[in-house]
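Chemist: This is the structure I have questions about; it appears just below.
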Amino acid sequence: MKKNLIFNPGGNDTLEARAIIKGNTTGLFNLNAVRYPWAKSMYQLMIGNFWVPEKVGGLGDDAIMYRSLSPHEQRAYRGMLSFLIFLDSIQTVNLPNFSNYITSPEVNLLLAIQSFQEAIHSQSYATILETVVDARERDDIYYFWQVDAILKKRNESVGEIYQAFQDDPSEKNFFRALIGNYLLESLYFYNGFAFFDNLVYASKMTATGRMISYIRRDELTHVVLFTNIIKEIRREFPHMYDEKVVIEMFKAAIAQETAWADHIIGDNIPGITKKTTGLYTQWLANSRLEALGIAPLFPEAIINPYKHLESMADNNSEKTNFFESTVTNYTQSSSMNGSWDF
């Protein structure tokens, strides 16, 4: 695969020539001609979600509450933040690598918005740390992977998939990087989110939970974005799509995610157990596979064990409905040449 040229005078930006990857774009963002209608809806949703961490109040109260958490809760709070910080950090850095090969300007636009949102998330974690925990703990949280072998292994597994594509941008590595990104956005964040929801359910660390809810709202749009990119790859370049690779990577991710959550939370936090962690990870993996049109790996995992926390997770019903809907209309028509409804 070849990176997009910065300016390609010999390119062809017509809708008929446009493709999700491997197109011959000029480099111009012609956003009045849109091949992928789902991108227009996503743009409006992602822009509408704009927020900044400085406007989320109450973290001073969390600083007081943090000292009253149990040692197990404090350790899990620090560990989960460390992993979430890594995930958003690596996304901010890596997303432009995907955009270098995407040849649909409307999708490039969404990736640029996602990169901005991931950077906001990184600033959000910095805001939490500088307000809630002692200054002496901050670097320990950022670099917890240096002393925790399980977290280091997790981080390395994510980084290696992205690095392989950067070092060797083959079709195979591009597809693996797409699935790696999908797993990161749709699976890896969510045991951490469940942990913070569980604290809020017990009336603990409510401001941190509010910050996490905004982050999760953004991340769900990122799941939708890469769901659609993967579907377009399957439709336009079926030889690149390999369901066996998807299933293989999901199995590895589920094992790693469960091991990490068991390690950092275990059976030491009221409301979360190793059993619920396993069930939740399997249930979530099933739903993410279903979004790609793949049969569940765990047919018995049909119930979310954290059903009582769903009201906190559903902080944007419009987004939830958008995620649950299936984008099936890929037919080009004159309506796609309309405005973005600013």
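Chemist: Out of the residues in region 42-57 that are exposed (fewer than 15 other Cβ atoms within 10 Å of the Cβ) and not basic (K, R), state the one that is farthest from F116 (Cα to Cα). Lay out the reasoning, then the answer.
Modeler: Kept after step one, since they are exposed (fewer than 15 other Cβ atoms within 10 Å of the Cβ), are these residues of region 42-57: 44, 47-48, 50, 52, 54-55, 57.
Those still in the list that are not basic (K, R) too: 44, 47-48, 50, 52, 54, 57.
Values: Q44: 15, I47: 11, G48: 14, F50: 10, V52: 11, E54: 16, G57: 22 Å.
Checking each candidate, the answer is G57.
Chemist: Across region 255-270, what is the number of residues that are part of a helix (DSSP H, G or I) and in contact with a Gly (Cβ under 9 Å, 6 or more places away or on another chain)?
Modeler: Just the residues of region 255-270 that are part of a helix (DSSP H, G or I), to begin with: 255-264.
Next, only the ones that are in contact with a Gly (Cβ under 9 Å, 6 or more places away or on another chain) stay: 258, 260-264.
The number of residues fulfilling the criteria is 6.
Chemist: Also, quick follow-up: Got a number for residues in region 216-231 being within 9 Å of the chain's Cα centre (by Cα) and among the basic types (K, R)?
Modeler: 1
Chemist: While we're here: Starting from residues that are more than 23 Å from Y36 (Cα to Cα) and of a type in the set (V, I, T), keep the ones in region 227-251 and report whichever is surrounded by the fewest Cβ atoms within 10 Å (Cβ to Cβ).
Modeler: Ranking the candidates gives V245 first.
Chemist: Further question on the same structure: Check whether at least one residue in region 319-328 is aliphatic (A, V, I, L, M), in a loop (DSSP other than H, G, I, E, B), at pLDDT below 90 and under 21 Å from L45 (Cβ atoms), and report yes or no. Give the derivation first.
Modeler: Just the residues of region 319-328 that are aliphatic (A, V, I, L, M), to begin with: 327.
With in a loop (DSSP other than H, G, I, E, B) added as a condition, the list becomes 327.
If we keep only those that are at pLDDT below 90 as well, we get 327.
Imposing the further condition that a residue be under 21 Å from L45 (Cβ atoms) reduces the set to 327.
Yes, region 319-328 has at least one match.
Chemist: Sticking with this one: If S203 satisfies every condition in (1) assigned to a helix (DSSP H, G or I); (2) over 17 Å from A291 (Cα atoms); (3) polar (S, T, N, Q) but one, which is the exception?
Modeler: (1)
Chemist: Before we move on, is V224 β-branched (V, I, T) and crowded, with 24+ Cβ neighbours inside 10 Å?
Modeler: Details: β-branched (V, I, T): yes; crowded, with 24+ Cβ neighbours inside 10 Å: yes.
Yes, satisfied.
Chemist: Check region 149-156 and report whether any residue there is surrounded by 15 or more Cβ atoms within 10 Å (Cβ to Cβ) and among the acidic types (D, E).
Modeler: no
Chemist: Still on this structure, please answer the following. Residue by residue through region 106-121, note down the ones that are buried (at least 17 other Cβ atoms within 10 Å of the Cβ) and either at pLDDT below 95 or not aliphatic (A, V, I, L, M) (or both). It would help to see each step written out before you state the result.
Modeler: In the first step, residues of region 106-121 are kept if they are buried (at least 17 other Cβ atoms within 10 Å of the Cβ); the result is 106-111, 113-115, 117-118, 120-121.
Residues satisfying the conditions are E106, N108, Q114, S115, Q117, E118, H121.
Chemist: Could you tell me how many of the residues in region 184-210 are surrounded by 24 or more Cβ atoms within 10 Å (Cβ to Cβ), polar (S, T, N, Q) and farther than 22 Å from T258 by Cβ?
Modeler: 1
Chemist: Does Y77 meet the test of being crowded, with 17+ Cβ neighbours inside 10 Å and more than 23 Å from E118 (Cβ to Cβ)?
Modeler: Values: crowded, with 17+ Cβ neighbours inside 10 Å: yes; more than 23 Å from E118 (Cβ to Cβ): no.
So Y77 fails the test.
Chemist: Further question on the same structure: Pick from K275, K244: which is assigned to a helix (DSSP H, G or I), of a type in the set (K, R) and over 30 Å from A202 (Cα atoms)? Spell out how you get there, then give the answer.
Modeler: Values: K275 fails: over 30 Å from A202 (Cα atoms).
Matching residue, one of K275, K244: K244.
Chemist: Are any residues in region 209-241 out of contact with any helix residue (DSSP H, G or I) (no Cβ under 6 Å at 6 or more places or on another chain) and part of a loop (DSSP other than H, G, I, E, B), and if so, which ones?
Modeler: F237, P238, H239
Chemist: If you don't mind, another one. In this structure, is S213 within 16 Å of the chain's Cα centre (by Cα) and crowded, with 23+ Cβ neighbours inside 10 Å? Talk me through it step by step, then tell me what you get.
Modeler: On the way: within 16 Å of the chain's Cα centre (by Cα): yes; crowded, with 23+ Cβ neighbours inside 10 Å: no.
In short, no.
The values are calculated or read from the model by the stated rules, or taken from the named source; none is laboratory data. These numbers were taken from a predicted model, which means no experiment stands behind them. With ideal geometry, Cβ positions are generated from the backbone for all residues, glycine too; neighbour counts draw on all protein chains shown.
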